[in-house]
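Asker: The structure that follows is given in the form of structure tokens.
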């Protein structure tokens, strides 16, 4: 049953997307995109995908918005120069034709999707018992498709190495991002002092309930990473220089423990990333615990950006 | 009760949609940021009402996450906004 | 008893929805950035508070109710501080450009 | 029509709008935004498929939902890398133009 709420959300979503494509200034487009990210969380709730809704609220509503808005604000002053560069009419017409064609083809695909839809829900529920985990999405992420999760953690690390490798020679090993000047007694510092501890508790809560209810390490790690960044922006904490040994150990520890448990599975359960059934739940929780700090560090450092400050003596 | 909650949810969403006209009109960057703050608060109210209407408890957790992070982009904006006097 | 609770929910959520409308009207109609900020943060957070109060009798259990109130307090905390920060940005010269 | 179909059609339109923005806007940051719009459209379409496959008492098929979570996090990391590249380009050249230099063949 479609409610007016659904139609309202869909229209708003489309309107904001059109705005990001047609707005005159980059900053205005980015502001529209932040609103768009917040709205997507509502859509996921309507589609009964609550784990996804939590991820979208944390990443789409928080981290991506902050990343884009600070980049847009930093490039604000030279925007006029870029605005003079315009795409010609023939290209515009071709672009309209191409995007309309793609949208139409995809709409037809949506309308002719097979009914009843093929589903892996039954096998997941049947085999979920063996993992000891109550949330089917967590069971898929850490047992049935654990290889995806492992490779994802590694993709995140590679992205971080990519961001770091853009550093100029003199800043290599230094602190990421522009130097933060903040008043440690200002309003922002006050907000960070109150909000960050609450956010930490909420982050661990979302992480912990992930075993049985919507939630999990990605969502929890995103919340905790945001609180870390809040403390950095308020001048209460400093981004560590990327050369620090503890930082690098922390970054690889999660995936390494994951791989080690996976390799142990080849001996004890006969396949890479297979768990012996009686120990499935403790092993899954061990992997989640190991991945959480790594994810917090990677997400926080991805947002902090390329090292730009010179090494202090 | 369910119909009332869905209706209230739709109403709040409609006011938020109206408020987003500020993103279109600006004129200052701060006005655009404020419109996203409006969507944060309104989105939380919509989620809570929707969650109560369809009896979905996880919607409250999504609202909690939004409450923690909706202001995050605005904070990043105030930190990165160009300082004309500096 | 149920009727009384339901009436309470109707009344507070309707009032909350009204304040959301008021906040939007303020955001659209007030003449400059600081007054718009004022309309937005005050009216909307009051609206959210009323919605939360209205949902309390419908919440299943005391803990769920406490969680709802916590969400409201978090939003109040974040919105009030952020509105101060935005106002400072505006005064520093981030006004209409 | 179910909500799933509605949001599926919405997703198709979002991919189209994002594609247009990606081609037409010269500003690299706006290309990143448009690319994210395309990405969210793809995710939403996948979410539609997950919702339609609801069975066994679940609200949706958990396998695509798990892949969506992975996808959203990876999309964020790609965005962060792209933004870092653009900021570095801006720092080095002082411009945001992606056009080839005039003296290039």
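All of the numbers you see were taken from the coordinates with simple rules; none came from a lab. Please read all numbers here as calculations on a predicted model, not as lab measurements. For neighbour counting, all protein chains shown are included, and Cβ atoms are generated from backbone atoms with ideal geometry for every residue, glycine included.
Asker: Modelling each spin label as a point 7 Å along the Cα-to-Cβ direction, I'd like the residue C:66/residue A:238 distance in nm, to one decimal.
Answerer: Between residue C:66 and residue A:238, the label points sit 3.9 nm apart.
Asker: Working from Cα positions, state the angle (0 to 90°, nearest 10) between the long axis of helix C:62-89 and the longest principal axis of chain C.
Answerer: Relative to chain C, helix C:62-89 is tipped by roughly 10 degrees.
Asker: Which shape class, rounded, prolate or oblate, goes with segment A:1-118 when its Cα gyration tensor gives a ≥ b ≥ c as root eigenvalues, a/c under 1.5 marks rounded, and past that a/b bigger than b/c marks prolate? Each step should come with its number before you reach the end.
Answerer: On the way: a/c = 2.62, a/b = 1.32, b/c = 1.98.
Oblate.
Asker: To continue, here is another question. Which whole-number percent gives the relative contact order of segment C:2-94, counting Cα pairs below 8 Å spaced six or more residues apart?
Answerer: 31
Asker: Another question about this same structure. Is there a simple number for the mean count of other chain Cβ atoms within 10 Å of the Cβ of residues in C:33-39, and what is it? Could you put the intermediate results ahead of the total?
Answerer: Working: counts 7, 1, 0, 6, 5, 0, 2.
Taking all residues of C:33-39 together, the mean is 3.
Asker: Calculate the mean, over all residues of peptide A:106-119, of how many other protein chain Cβ atoms lie within 10 angstrom of the residue's Cβ.
Answerer: That average works out to 6.
Asker: Suppose a student asked you for the relative contact order of chain A, using Cα pairs under 8 Å spaced at least 6 residues apart; what percent would you report?
Answerer: Here the relative contact order equals 20 percent.
Asker: Could you give the length gained by full extension between residue A:253 and residue A:274, i.e. 0.36 nm per residue of separation minus their alpha carbon distance, to one decimal place?
Answerer: Extra length from residue A:253 to residue A:274 when fully extended: 5.6 nm.
Asker: Would you please put A:207-215, A:54-62, C:29-37, A:28-36 in order of how densely packed they are, using the mean number of other Cβ atoms within 10 angstrom per residue and starting with the highest?
Answerer: Ranking the peptides A:207-215, A:54-62, C:29-37, A:28-36 by packing returns A:54-62, A:28-36, A:207-215, C:29-37.
Asker: If you don't mind, there's one more thing I want to ask. Mind giving me the nanometre distance, one decimal, between the label points for residue A:24 and residue B:54, set 7 Å out from Cα along Cα→Cβ?
Answerer: Here the answer is 3.9 nm between the modelled labels.
Asker: Let me ask something additional. Which stretch or stretches of segment B:28-59 have amide N atoms under 20 Å from the point lying 7 Å from residue A:205's Cα along the Cα→Cβ direction?
Answerer: Those under the cut-off are B:40-53, B:55-59.
Asker: While we're on this one: For chain A, just the Cα set please: Rg and Dmax, both in angstrom.
Answerer: 22.5, 66
Asker: On the Cα set of segment B:2-80, report Rg and Dmax in Å, please.
Answerer: 13.9, 44
Asker: Now, a different point. Between residue B:1 and residue A:289, what's the calculated FRET efficiency when r is the beta-carbon distance and R0 is 41 Å? Round to 0.05.
Answerer: That pair, residue B:1 with residue A:289, gives E of 0.45.
Asker: What 222 nm value per residue comes from the helices of the protein assembly as shown, counting each DSSP H run with n ≥ 4 as -39,500 (n - 2.57) and dividing by all residues, nearest 500 deg cm²/dmol?
Answerer: My calculation for the protein assembly as shown gives -24500 deg cm²/dmol from helical runs alone.
Asker: Which whole number gives the average count of other chain Cβ atoms within 10 Å of the Cβ atoms across peptide C:42-55?
Answerer: Values: counts 0, 2, 11, 1, 0, 5, 9, 1, 1, 10, 4, 0, 6, 8.
So the per-residue partner count for this stretch is 4.
Asker: Oh, and also: Cα gyration tensor of segment A:185-313, axes a ≥ b ≥ c as square roots of the eigenvalues: rounded (a/c below 1.5), prolate (a/b > b/c) or oblate?
Answerer: Since a/c reaches 1.5 but b/c is at least a/b, the shape of segment A:185-313 is classed as oblate.
Asker: Within segment D:36-59, what residues put their amide N at less than 20 Å from the label point 7 Å along the Cα-to-Cβ vector of residue A:122?
Answerer: D:49-59
Asker: Something else: Find how much the distance from residue A:263 to residue A:105 grows on full extension, using 0.36 nm per residue of separation minus their present alpha carbon separation; answer in nm with one decimal.
Answerer: Computed gain between residue A:263 and residue A:105 is 52.5 nm.
Asker: In addition: Calculated FRET efficiency, residue A:154 and residue A:94, Cβ-Cβ r, R0 41 Å, to nearest 0.05?
Answerer: Calculated value: 0.60.
Asker: Still on this structure, I have one more. From the Cα gyration tensor of the protein assembly as shown, with a ≥ b ≥ c the square roots of its eigenvalues, which class applies: rounded if a/c is under 1.5, or else prolate if a/b is larger than b/c, or else oblate?
Answerer: Taking the square roots of the gyration eigenvalues as a ≥ b ≥ c, the protein assembly as shown is rounded.
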